[in-house]
Each structure stands twice: as structure tokens, then as C-alpha cells.
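Enquirer: Submitted below is the structure of interest, expressed as C-alpha cells.
Throughout, read-outs are computed from the coordinates displayed, never taken from laboratory work. The structure presented is a predicted model; accordingly, all values stated were derived computationally and were not measured. Methodologically, a virtual Cβ is constructed for each residue, glycine included, from the backbone with ideal geometry; neighbour enumeration extends over all protein chains shown.
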Amino acid sequence: MENVQKSGDVELEVPIPTRRSRPGEARSKPPTWKLGKVVGVVVETPETNTLQIEVPDPSPFLPGQYYNIRIPIEGRPRPIQRAYSVGSSPFPDYSVVDVGIRETPGGLVSPKLVRESFVGQELEVRGPYGAFTWTEENGGPVLLIGAGSGVVPLMAMIRYGVSKGLNVPMHLLFSSKSYEYVIYRDELERLSQENSWLSVSHTFTRSLGDPRARYHRRIDKEMISEVFHEVNSSVAYICGPPEMVEESEKVLIGLGMQSGSVKTEKYD
Ligand SMILES: Cc1cc2nc3c(=O)[nH]c(=O)nc-3n(C[C@H](O)[C@H](O)[C@H](O)COP(=O)(O)OP(=O)(O)OC[C@H]3O[C@@H](n4cnc5c(N)ncnc54)[C@H](O)[C@@H]3O)c2cc1C
């Protein structure tokens, strides 16, 4: 996350790094807080909801970027903010952003967003942010590796490919606890049937033997090596818990990928 440092429970605002503008060049304005409106709530799994948020005066975003959301928390002097990736495609419409939120047990913000959000609710949002982005300019074949809610920005890339009619090969290696915890389960199945450029390998970590998954363990070196050689990827995007992201990145670089071709987003 670029603009928030977490220090225990305290949120410290730090400046958003921006490139210095050249003489005569218009400077892009940093995002400001806006009052978004929840226009849809989709229950994805027992612990994850998609909130569809209409953003007033929206800025274009790129597939893979995230928004910050802040909400008041009882006993806290200031609203508490967290980052949530956008799972929807910015094309053809970037005015409604779908954020996929998994409830972190004991967390301050995510349980409220998952359990208490409703259509018509107003939420403070600020964005977009982030350099974890893919468009056709980044090329392919693309290997997407995600665990749990780490699939959200990868889904934005897939949906973007679909809505723009791109044919860039993409393979998603996706780790979930079990079939019922697979976020975007039905849509991923449908899209991979309808688009020959898209394929998905599921791994289930707590549902050993379920034939709906190709693997039944955490993402590991052998698994990544197998899909990497099948896909022959030239770019890779990895998102999820920091340990999984770091390990997967090391494996891909060990397999010969250039470090600049492996992009990562850690949900810490
Ligand atoms: C760029 C980015 C994008 C992200 N995108 C997504 C996304 O698309 N979807 C998504 O679900 N998440 C995403 N995240 C993670 C998200 O921002 C939050 O970190 C997550 O929702 C947890 O926030 P929370 O307020 O619910 O939990 P927190 O309050 O931050 O708590 C997290 C955990 O720490 C424990 N904890 C808190 N305080 C203490 C303490 N004092 N002592 C011991 N334990 C403590 C809590 O019990 C909980 O288990 C993203 C993160 C980043 C950086």
C-alpha cells in the first residue's frame, strides 16, 4: 500500500509518491476522498462479498489497481482506512468499482464491510492507486497466481481481457480453502469455457481429493513450475499473503523469468 503506514492500530498518512512534473506538463492530481454509493452487494463465498461502489467524478483506473475505503470505528477518533483491490474491468465503464472484501476474523474494518454493507449505503473511497497493473501493452502469455482474496485484482485483468476482446493467453493458478470458498467460482468457469485464451488451475488446501481442483495443497515450487512450463509465460502477476507472494516470485525468477516481468501485490 503506497500511502498508508500501519503502526499497530494507528494510521499514519504519508505523502503519495508522485513523479515530479516537467516544465509545461500538467500534473495529475492525487486522488481525494469521495462519497461513493453502494449500488450492489454480491455474496461470493461464506466470508467474501463484492461491494459495487458508484464513484462520483471517477478517475480512470487500470486493471489491478486498488481503492482505499475508510469507515468510522467506535472508540476511534478518526475513520480507519484499508486498501481493497478493484475486481471489475475499467472498460467500458470505470464509474462503478467492484471491490472484493474477505472478512479477516478480529479485524477492524473488513468484518464491518462484509457483514454490515447494504445497497444505498454511502462509503468514503479514495483512489485509484497502485502499480500492480496489466493491460494489452504488457503482453503475454500471462501467468496469474492468487490465493484467497488475492484473486480480486487478477480478476480485473481477466475481465478486462474479456470486455476488450483481447486474445492474450492467461492462466490463473488459484488457491482456495475449498470449492465453496472459491471467489468468482461460476464466472471463472464460464469465462474459461467461453474464451480459449483463458485457463484456470485450482488448488484446494482443505478439501483433499475434491476432483474440482487440479491440486490439493498450498501453492509450491513444483506446482508453479508445472503451470509455468505449460503456459510459457512472459509476464506474471502474483497477489495474496506476503509469504506466498515472495516464495512464488522466487520460484518464477529461479525458472528464468526476468524480475521486471514478475509483478507482485502483498496483502499485509
Ligand atoms: C494493496 C492492497 C490491496 C488489498 N486488497 C484487498 C482485497 O481486494 N480484498 C481483501 O479482502 N483484502 C485486501 N487487502 C487487505 C486489506 O487492506 C486489509 O488489510 C484486510 O481487510 C484486514 O483489515 P481489517 O481492518 O479487517 O483487519 P485489521 O484490523 O488490520 O487486523 C488484521 C488482523 O490482525 C489482527 N490484529 C489487529 N490488531 C491486533 C493487535 N493489536 N494484536 C494482535 N492482533 C491484531 C486482527 O485480529 C486480524 O486478524 C489489501 C491490502 C493491500 C495492501
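Enquirer: Just a yes or no: is a residue in the range 59-74 away from the ligand (no atom under 14 Å from the Cβ), touching a Pro at 6+ places or on another chain (Cβ under 9 Å) and not aromatic (Phe, Trp, Tyr)?
Expert: yes
Enquirer: Sort out for me the strands (runs of 3 or more DSSP E) sitting completely within the range 165-261 that have 1 or more residues that are within 22 Å of residue 99 (Cα to Cα) and in contact (Cβ under 8 Å) with a residue 60 or more places away in the chain.
Expert: The qualifying strands (runs of 3 or more DSSP E) are 170-176, 235-240.
Enquirer: Now for a separate question. Just for the range 47-67: of the residues that are surrounded by fewer than 24 Cβ atoms within 10 Å (Cβ to Cβ) and among the aliphatic types (A, V, I, L, M), which one is farthest from the chain's Cα centre (by Cα)?
Expert: Ranking the qualifying residues of the range 47-67, first place goes to 55.
Enquirer: Quick one: in the range 76-90, of everything that is away from the ligand (no atom under 12 Å from the Cβ) and over 18 Å from residue 34 (Cβ atoms), which residue is surrounded by the most Cβ atoms within 10 Å (Cβ to Cβ)?
Expert: Applying the filter and picking the extreme gives 89.
Enquirer: Further, regarding this structure: Scan 128, 111, 105 and give me the residue that is within 12 Å of the ligand (Cβ to nearest atom) and surrounded by fewer than 15 Cβ atoms within 10 Å (Cβ to Cβ).
Expert: Exactly one of 128, 111, 105 is within 12 Å of the ligand (Cβ to nearest atom) and surrounded by fewer than 15 Cβ atoms within 10 Å (Cβ to Cβ), namely 105.
Enquirer: Looking at the range 154-167, can you tell me whether even one residue there is small (Gly, Ala, Ser), surrounded by 21 or more Cβ atoms within 10 Å (Cβ to Cβ), within 16 Å of the ligand (Cβ to nearest atom) and under 17 Å from the mean Cα position of the chain (by Cα)?
Expert: Yes - at least one qualifying residue is present in the range 154-167.
Enquirer: Test residue 238 against the criterion of being in contact with a Ser or Thr (Cβ under 9 Å, 6 or more places away or on another chain), among the aliphatic types (A, V, I, L, M) and within 15 Å of the ligand (Cβ to nearest atom), and give yes or no.
Expert: Here the answer is yes, as residue 238 does meet what is asked.
Enquirer: Which ones in the range 71-92 are more than 23 Å from residue 145 (Cβ to Cβ) and under 18 Å from the mean Cα position of the chain (by Cα)?
Expert: Selection gives 81, 91.
Enquirer: Continuing with the same structure: Given (1) within 25 Å of residue 50 (Cβ to Cβ); (2) exposed (fewer than 14 other Cβ atoms within 10 Å of the Cβ); (3) of a type outside the set (Lys, Arg); (4) in contact with a His (Cβ under 6 Å, 6 or more places away or on another chain), where does residue 210 come up short, assuming only one miss?
Expert: So residue 210 meets the others, but not (4).
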